[in-house]
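The values are calculated or read from the model by the stated rules, or taken from the named source; none is laboratory data. Please read these numbers as outputs of a predicted model, since none were measured by experiment. Methodologically, a virtual Cβ is constructed for each residue, glycine included, from the backbone with ideal geometry; neighbour enumeration extends over all protein chains shown.
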Amino acid sequence: MSNPFGVVPPSQGVTIPFRQKANNNKEQFMALFREGMGLVEETANYLDGEGRRESRALKPFVSLAYATESMRLTTRLTQVATWLLARRAELNGEEVPPGAKENTALLLPIVRTGGSKGYDELPERLRDLIEASYRLHEKIYRREAAKNLESVTAAPAAAPTTRANPVAKQVAQIAAAFTRR
């Protein structure tokens with residue numbers, strides 16, 4: 001079968017590590033670090049000040065949405081800060097606390113939901129911070145995905161092996177969940 005796109009399989013070609021150079025660039029990481037820690041500080045200041053005042057004036061169901069969304073936001077930013085601090089320590093050759101290096105929460109893409117009931121009535125500033133946290137998380141996710149892809153392509157080619165299709169296992173689990181009803 002011919003290859004209409006001219007793509008060379010990794011085992012037959014040389015991988016050019018463009019992403020590795022970008023991911024290892026300390027200046028780029030530090031810009032991401034400053035952005036992330038700045039967002040953490042900005043969010044904390046908002047929630048402790050203006051946000052607290054705004055939340056008191058909300059209708060009860062919107063107040064519940066405020067509490068829910070601010071909790072989700074702080075959880076997401078805590079994970080981001082943990083990742084940033086661990087990577088900075090690693091980059092500086094410092095010892096990384098156990099568990100911080102394996103912070104897998106950021107290795108999973110975030111699925112944006114429509115938000116809680118009353119989300120659209122939340123203060124605009126809170127919604128802006130939530131969106132900024134999603135964008136930051138996505139930047140980190142893409143960075144890690146590129147780094148992981150790079151480590152796979154940079155590894156020496158091993159003898160081909162037959163592996164089970166990982167998607168087939170997940171589809172089977174989903175099917176099993178729906179047939180148990």
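Observations on the structure shown:
- Test result for Thr78, among the hydroxyl-bearing types (Ser, Thr, Tyr) and either surrounded by fewer than 13 Cβ atoms within 10 Å (Cβ to Cβ) or modelled with pLDDT under 75 (or both): yes
Table: residues versus (1) touching a strand residue (DSSP E or B) at 6+ places or on another chain (Cβ under 9 Å); (2) farther than 14 Å from Leu122 by Cβ; (3) modelled with pLDDT of 90 or more; (4) in a helix (DSSP H, G or I).
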{"site": "Met1", "(1), (2), (3), (4)": "no, yes, no, no"}
{"site": "Val8", "(1), (2), (3), (4)": "no, yes, no, no"}
{"site": "Met30", "(1), (2), (3), (4)": "no, yes, yes, yes"}
{"site": "Gly36", "(1), (2), (3), (4)": "no, yes, yes, yes"}
{"site": "Asn45", "(1), (2), (3), (4)": "no, yes, yes, yes"}
{"site": "Arg52", "(1), (2), (3), (4)": "no, no, yes, yes"}
{"site": "Glu69", "(1), (2), (3), (4)": "no, no, yes, yes"}
{"site": "Glu90", "(1), (2), (3), (4)": "no, yes, no, yes"}
{"site": "Gly93", "(1), (2), (3), (4)": "no, yes, no, no"}
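- The residues listed here are Leu129, Leu107; of these, the one that is at pLDDT 90 or above, closer than 18 Å to Phe33 by Cα and surrounded by 12 or more Cβ atoms within 10 Å (Cβ to Cβ) is Leu129.
- Only one of the numbered conditions (1) closer than 17 Å to Gly36 by Cβ; (2) modelled with pLDDT under 70 is not met by Glu144, and that is (2).
- Verdict on Val62 being surrounded by 13 or more Cβ atoms within 10 Å (Cβ to Cβ), among the aliphatic types (A, V, I, L, M), over 25 Å from His137 (Cα atoms) and touching a residue at least 24 places away in the same chain (Cβ under 8 Å): yes
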